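Q: Have a look at this one.
The values are calculated or read from the model by the stated rules, or taken from the named source; none is laboratory data. Keep in mind it's a predicted model, so treat the numbers as computed, not measured. Glycine gets a Cβ as well: all are built from the backbone with ideal geometry, and neighbour counts include every protein chain shown. Accessible surface areas use protein heavy atoms only, side chains included; no ligands, DNA or RNA. Shrake-Rupley method; radii C 1.70, N 1.55, O 1.52, S 1.80 Å.
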Amino acid sequence: MNIHTYEKVWIVASMVLIVGFIATITYGAVGPGIAMIDDDGGDINPDKINDDERFAEPGVEHVGGNEYEVTVVAQAWSYTPSEIEIPANSEVTFYVTSRDVTHSFSVVGTNVNTMVVPGQVSEMTAKFDEPDEYGILCNEYCGEFHHTMEGKLNVVPEDEFDLTELSVEADDEIDAGNETTITANVENGMQEDLETTVSLEIGNQTQEEDVTVPGDGSEEVEFTVDSADLGEGDNDWTVTVDDYEESGTLSVVTSEGNESADGGDGDA
Ligand code: CUA
């Protein structure tokens with residue numbers, strides 16, 4: 001059979017076009033690493049988010065090495081937490097769910113961009129190499145204040161990042177002549193041990209104690225304070241660990257000072 005030369009050219013050209021179309025679609029679906037939302041993250045009852053192990057206390061968790069997990073709850077019209085801090089050179093998996101209607105979670109300037117559907121947990125992983133600041137936006141119309149629904153993702157230098165939390169328990173007042181204890185609790189959210197120093201400043205004295213807080217654990221430090229070393233009245237104190245501090249006031253009262261407290265005025 002004799003095929004005309006022009007006919008041959010057109011057959012080949014249309015073949016090339018078809019193959020080209022298929023290649024483009026395949027690349028678009030697989031190449032840039034864009035995934036459709038699926039049920040990888042699992043289901044969740046949107047009315048019981050506070051009872052869910054992952055979302056009861058949303059925030060940043062260290063998994064190990066440079067891997068982190070971030071849980072976020074979306075609701076009209078905010079994210080909890082609204083500000084997220086992670087270290088540079090990290091691989092972060094986001095788990096996001098909604099308490100009410102459909103929102104989205106989009107880290108502007110990255111390919112983290114997902115719908116957030118009540119009842120579903122959206123999961124996606126991204127790498128953050130350099131310190132930077134990103135905005136987080138809701139791209140899904142979700143009501144009157146949709147345009148105000150935003151958050152922040154701060155990628156800080158690795159050596160400025162930790163997951164330390166300090167809480168302090170202390171009495172408000174002691175009787176003159178007595179001792180009291182100021183208890184500092186240091187929580188370490190990283191998987192590695194934390195070696196640090198906890199210090200207490202009160203009146204004109206400073207007490208220090210070196211501690212090793214185990215990875216994913218906490219450590220209590222007790223400081224004994226003797227009222228004899230303090231002035232009568234209010235004494236400000238500050239407990240410091242690394243960049244964290246908490247402060248309060250301890251009043252040293254004499255017993256007469258106590259009794260004057262019930263001297264109510266007799267106006268009728
Ligand atoms: Cu949430 Cu728009």
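Q: For the chain, modelled as a Gaussian network with Cα springs under 10 Å, which listed residue fluctuates most, 125, 148, 26?
A: Largest GNM mean-square fluctuation: 26.
Q: Which value at 222 nm does the chain reach when only helices count, each DSSP H run of 4 or more adding -39,500 (n - 2.57), with the total divided by all residues and rounded to the nearest 500 deg cm²/dmol?
A: One gets -4000 deg cm²/dmol as the mean residue ellipticity at 222 nm.
Q: So which chymotrypsin sites (Phe, Trp or Tyr not before Pro) in segment 137-195 pass both tests, a DSSP loop state and at most 16 other Cβ atoms within 10 Å of the Cβ?
A: In loop regions of segment 137-195 (DSSP not H, G, I, E or B), the sparsely surrounded chymotrypsin sites (Phe, Trp or Tyr not before Pro) are 141, 145.
Q: Let me ask something additional. Considering only DSSP beta bridges with both partners in the chain, what is the antiparallel share in %, to the nearest 5? Intermediate values should be presented prior to the final figure.
A: Numbers: 66 of 82 bridges.
Approximately 80 percent, going by the DSSP bridge assignments.
Q: Of 85, 123, 220, which has the largest mean-square fluctuation in a 10 Å C-alpha GNM of the chain?
A: Of the options given, 220 has the highest mean-square fluctuation.
Q: Hand me the GluC sites (Glu not before Pro) from segment 126-193 located in a DSSP loop with no more than 13 other Cβ atoms within 10 Å, in residue order please.
A: Working: sites: 133, 140, 144, 150, 158, 160, 165, 169, 173, 179, 187, 192; in loops: 140, 144, 192.
When the GluC sites (Glu not before Pro) of segment 126-193 are filtered for loop state and at most 13 Cβ neighbours within 10 Å, 144, 192 remain.
Q: Right, next: Using Cα springs under 10 Å in a Gaussian network model of the chain, which residue among 181, 224, 24 shows the largest mean-square fluctuation?
A: Between 181, 224, 24, it is 24 that shows the largest mean-square fluctuation.
Q: Using the alpha-carbon atoms, what tilt in degrees (0 to 90, nearest 10) does helix 5-30 show relative to the longest principal axis of the chain?
A: 10 degrees
Q: With all protein chains present, calculate the accessible area of residue 3 using a 1.4 Å probe and round the result to the nearest 10 Å².
A: Counting only protein heavy atoms, the figure is 60 Å².
Q: Just how large is the dipole of segment 33-160 about the Cα centre, in debye to the nearest 20, putting +1 at every Lys and Arg Cβ and -1 at every Asp and Glu Cβ?
A: The dipole magnitude comes to about 420 debye.
Q: On to the next question. Please report the carbon-and-sulfur percent of the accessible area for the chain; probe 1.4 Å, protein heavy atoms only, DNA, RNA and ligands left out. The partial results should precede the final answer.
A: Values: 7430 of 16390 Å².
With neighbouring chains kept in place, the figure for the chain is 45 percent.
Q: Which of rounded, prolate or oblate describes segment 137-268 when judged by the alpha-carbon gyration tensor and an a/c cut-off of 1.5?
A: Judged from the Cα gyration tensor, segment 137-268 comes out oblate (a/c at least 1.5, b/c at or above a/b).
Q: Per residue, what accessible area does the chain have, given a 1.4 Å probe and all protein chains present, in Å²?
A: Per residue, the chain has 61 Å² of solvent-accessible surface.
Q: For residue 192, put the label point 7 Å out on the Cα→Cβ axis and report which residues of segment 210-236 keep their amide N under 12 Å from it.
A: Answer for this model: 215.
Q: Based on the alpha-carbon gyration tensor of segment 41-175 and its eigenvalue square roots a ≥ b ≥ c, which shape applies: rounded if a/c is under 1.5, prolate if not and a/b is larger than b/c, or oblate?
A: Verdict is oblate for segment 41-175.
Q: Calculated FRET efficiency, residue 183 and residue 133, Cβ-Cβ r, R0 30 Å, to nearest 0.05?
A: 0.25
Q: Residue 13 versus residue 80, label points 7 Å from Cα toward the beta carbon: distance in nm?
A: Going from the residue 13 label point to the residue 80 one covers 6.3 nm.
Q: With the radius of gyration and the Kirkwood radius both derived from the Cα set of the chain, what is their ratio Rg to Rh?
A: For the chain, the value is 1.25.
Q: Once phi is turned into ³J(HN,Hα) by the Karplus curve 6.51 cos²θ - 1.76 cosθ + 1.60 with θ = phi - 60°, what whole-Hz value does each residue of segment 174-189 show in order, with x for glycine and proline?
A: Running phi through 6.51 cos²θ - 1.76 cosθ + 1.60 with θ = phi - 60° gives 9, 6, 4, x, 9, 10, 9, 10, 10, 10, 9, 10, 10, 9, 10, x Hz.
Q: Within straight cross-link reach of residue 127, meaning Cα distance under 20 Å, which aspartates and glutamates are found once same-chain residues fewer than 8 apart are removed?
A: Cα-Cα hits under 20 Å: 40, 61, 67, 69, 83, 85, 91, 158, 159, 160, 162.
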